[in-house]
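In what follows, a structure is listed as structure tokens, so that the remarks can point back to it.
Bear in mind these aren't lab numbers, they're just calculated from the coordinates by the rules spelled out. Just so you know, these numbers come straight off a predicted model, no measurement behind them. Positions of Cβ are generated from backbone atoms using ideal geometry, with glycine treated the same way; all protein chains shown enter the neighbour counts.
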Amino acid sequence: MAIFIDAATRVAVQGITGKQGQFHTRQMLNYGTKIVAGISPGKEGQTVEGVPVYDSMFSALNYHQIDASVLFIPAPFAKDAALEAIDAGIKLLVIITEHIPLHDAAEIMAFAKKRGTTVIGPNTFGVVSSGQCKIGIMPNQFFVPGPV
């Protein structure tokens, strides 16, 4: 039973062109995650692992429906990226980034609560629905469907 995500969840990767964003995009795609867009300011028009890249979440939403976003953004820029996703109406935000200042994290959480967005993180491994969708950095081989 999926709680947050399932096989139909459409995911955006913020920070997709960075080293970690590229690596984990490949891993999530290999798991079966439906990644529909990447966000990386100044990189619109590129692709990463076949995923189109856009300058902003708002730009990506002109072309794709997006249910969830995952952040692979350096801590000094994570707040702005998170607030952009929330402002754009993304309902599930997974923030992998560590070392986000406490005040920034509090601002993200307050805005998310106001807008009805669920936030997992910051400094999280992510979320998985076994055999359906993985958003985050967990090793694929640890999550297979079956009895507990």
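The table below lists the values:
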{"item": "Qualifying residues in the stretch 127-147 (those that are part of a strand (DSSP E or B) and of a type in the set (Val, Ile, Thr)) - the one surrounded by the most Cβ atoms within 10 Å (Cβ to Cβ)", "result": "ILE135"}
{"item": "Single match in GLY50, GLY21, GLY42, GLY38 (criterion: in contact with a Pro (Cβ under 8 Å, 6 or more places away or on another chain) and either over 18 Å from THR117 (Cα atoms) or polar (S, T, N, Q) (or both))", "result": "GLY38"}
{"item": "Residues being farther than 18 Å from PHE111 by Cα and either touching a residue at least 12 places away in the same chain (Cβ under 8 Å) or among the aromatic types (Phe, Trp, Tyr) (or both) - total across the stretch 51-74", "result": "16"}
{"item": "Residue ranges of strands (runs of 3 or more DSSP E) in the stretch 1-117 with at least 1 members under 30 Å from PRO147 (Cα atoms) and not hydrophobic (A, V, I, L, M, F, W, C)", "result": "10-14, 34-39, 68-71"}
{"item": "Qualifying residue in the stretch 98-106 (condition: surrounded by 14 or more Cβ atoms within 10 Å (Cβ to Cβ) and in contact with a strand residue (DSSP E or B) (Cβ under 6 Å, 6 or more places away or on another chain))", "result": "no"}
